[in-house]
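Okay, so here's the structure we're looking at.
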Amino acid sequence: MYLDANQPLELQTYLINKGWISPDETLLSLTKPGEGNMNYTLRVQTNARSLIVKQARPYVEKYPTIAAPVERAVIEGQFYQRVGCNPILTGAMPQLLGADIDESLLVLEDLGESSDFTHLYQGSTNGPNHTLSLDELRQLVAFISLLHNQFRVAQPDPAFANQAMRTLNAEHIFNYPFLADNGFDLDTVQAGLQALAMPCKQDDALKKAIATLAEQYTSNNRAEFYSLLHGDYYPGSWLHTKAGTRIIDPEFCFYGPPEFDLGVMLAHLHMARQPMAVLEQVLHLYDRPDGFNDTLLHQFTGVEIMRRLIGLAQLPLSLSLAEKKVLLAKAAQLIHTA
Ligand SMILES: Nc1ncnc2c1ncn2[C@@H]1O[C@H](COP(=O)(O)OP(=O)(O)OP(=O)(O)O)[C@@H](O)[C@H]1O
Ligand SMILES: [Mg+2]
């Protein structure tokens, strides 16, 4: 079944057959719950409740020419099941109400009309951005802190290898942004950005350090311990809801270096112009698992800043070219001096 907002009856029959809604329930509306690139996601309003239905197709929903592994839905479902034993983690996420492996489809609790945290990137040029509150910071850091410490193993679980998604992500984090001739004209994002990016693309020592990082991300070959990672821990995966801050979308999860999740989070706080006190607070609140490597943390932070500024996965940033220059230099420093 291909999920389709224009085919409510088909979906109604499907949900009834699966036992996820009752036989006398009627679908009243199918709407888009929010912005997303990868999957086809609908808010399903019935006469009795509201549900989120999310389907992974063999391509990126927003860019159908880019292939993407459908197993991501199953993996996302497995994440909810794996953390199910921890009430704090499950309380911070929507409940998993159903998973259909054959259709690569998940049914999730609807957290209600909400917005994600991508507004953090906005602010007038050189003007103040919204600053994360201590309460928000506590919730966001507690989530990965708990996840990394409670789900920590000597051997990664092969069921969570999520290799195809990692390969896809690795291409866009560690490789594509650093190709001098990748066909993506950064001046279409912001005039002058292409020239700003060139030093990163031509720095062989930097590219060598990034290749080592890529290996640590994709093949888990360095560590003695691995933590379950969210895998995409940035403001697009954090929701403001009436009940508080919630975390969604663990489709890039895997057992790997915890430095990756924290590094990604810090990188986005840099790009969202959060005050240094906020970044320091994150480091203070995070409970480092034994063996946590600050060098690796700095390097993952640096590469995430770079790839978001000069790669394909652009963000709705409000940074001037001069600010991007400063951030790129900072990112290079984090990678090199790490
Ligand atoms: N359980 C939920 N309750 C309420 N809203 C939700 C829920 N799940 C998703 N949404 C809304 O739908 C949007 C898209 O969901 P999600 O991020 O899971 O999809 P995606 O296709 O994986 O997105 P991306 O391409 O950003 O990874 C979210 O930003 C949010 O606004
Ligand atoms: Mg996603």
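Does Asp261 satisfy the criteria of being within 16 Å of ligand 2 (Cβ to nearest atom) and on the phi > 0 side of the Ramachandran plot?
Working: within 16 Å of ligand 2 (Cβ to nearest atom): yes; on the phi > 0 side of the Ramachandran plot: no.
No.
Out of all the residues in the stretch 76-98, which are of a type in the set (Gly, Ala, Ser) and within 16 Å of ligand 2 (Cβ to nearest atom)? Reasoning before the result, please.
In the first step, residues of the stretch 76-98 are kept if they are of a type in the set (Gly, Ala, Ser); the result is 77, 84, 91-92, 98.
Scanning the stretch 76-98 gives a single hit, Gly77.
Cβ contacts < 6 Å: first residue in contact (Cβ under 8 Å) with a residue 40 or more places away in the chain, restricted to the stretch 128-141; second residue outside any helix (DSSP H, G or I) and surrounded by 15 or more Cβ atoms within 10 Å (Cβ to Cβ), any location; separation 6+ or different chain. Result?
Close Cβ pairs (under 6 Å, with a partner that is outside any helix (DSSP H, G or I) and surrounded by 15 or more Cβ atoms within 10 Å (Cβ to Cβ)) amount to Asn129/Gly123; Asn129/Ala272; Asn129/Arg273; Glu136/Thr245; Gln139/Thr245; Val141/Tyr286.
All but one of (1) open to solvent by less than 20 Å² (accessible area, probe 1.4 Å); (2) not in a helix (DSSP H, G or I) hold for Pro23, so report the exception by its number.
(1)
Look through His230, His268 and report the one residue that is within 16 Å of ligand 2 (Cβ to nearest atom), in contact with a Pro (Cβ under 7 Å, 6 or more places away or on another chain), under 22 Å from Lys330 (Cβ atoms) and not charged (D, E, K, R). Show your work before the answer.
Numbers: His230 fails: under 22 Å from Lys330 (Cβ atoms).
His268 is the lone residue from the list that is within 16 Å of ligand 2 (Cβ to nearest atom), in contact with a Pro (Cβ under 7 Å, 6 or more places away or on another chain), under 22 Å from Lys330 (Cβ atoms) and not charged (D, E, K, R).
Condition first: more than 10 Å from Asp116 (Cβ to Cβ) and of a type in the set (Val, Ile, Thr). Now tell me which residues in the stretch 217-249 satisfy that.
Thr218, Thr241, Thr245, Ile247, listed by residue number.
Given the options Tyr233, Tyr226, name the one that is more than 15 Å from ligand 1 (Cβ to nearest atom) and of a type in the set (Ser, Thr, Tyr).
Just a single option satisfies the conditions, and that option is Tyr226.
Every residue in the stretch 280-317 that is open to solvent by less than 20 Å² (accessible area, probe 1.4 Å) and either assigned to a loop (DSSP other than H, G, I, E, B) or not assigned by TED's automatic domain parsing to the domain that holds Ala332 (or both), please.
Across the stretch 280-317, the qualifying residues are Tyr286, Pro289, Gly311.
So His119 ticks every box in (1) within 16 Å of ligand 1 (Cβ to nearest atom); (2) open to solvent by less than 40 Å² (accessible area, probe 1.4 Å) but one. Which box is left unticked?
(2)
Just checking, does the stretch 164-176 include any residue being closer than 26 Å to Leu319 by Cβ and not in a helix (DSSP H, G or I)?
Taking every residue of the stretch 164-176 in turn, none turns out to be closer than 26 Å to Leu319 by Cβ and not in a helix (DSSP H, G or I).
Considering only the stretch 70-112, state which residues are part of a loop (DSSP other than H, G, I, E, B) and without any contact (Cβ under 8 Å) to a residue 60 or more places away in the chain. Give the steps one after another, and end with the answer.
Going residue by residue through the stretch 70-112, those that are part of a loop (DSSP other than H, G, I, E, B) are 70, 86, 92-95, 101-104, 110-112.
Within the stretch 70-112, Val70, Gln95, Ile101, Asp102, Ser104 qualify.
The values are calculated or read from the model by the stated rules, or taken from the named source; none is laboratory data. From a predicted model like this one, the values you see are computed outputs, not experimental measurements. With ideal geometry, Cβ positions are generated from the backbone for all residues, glycine too; neighbour counts draw on all protein chains shown. These accessible areas exclude ligands, DNA and RNA; they are computed on the full protein's heavy atoms, side chains included. Shrake-Rupley method; radii C 1.70, N 1.55, O 1.52, S 1.80 Å.
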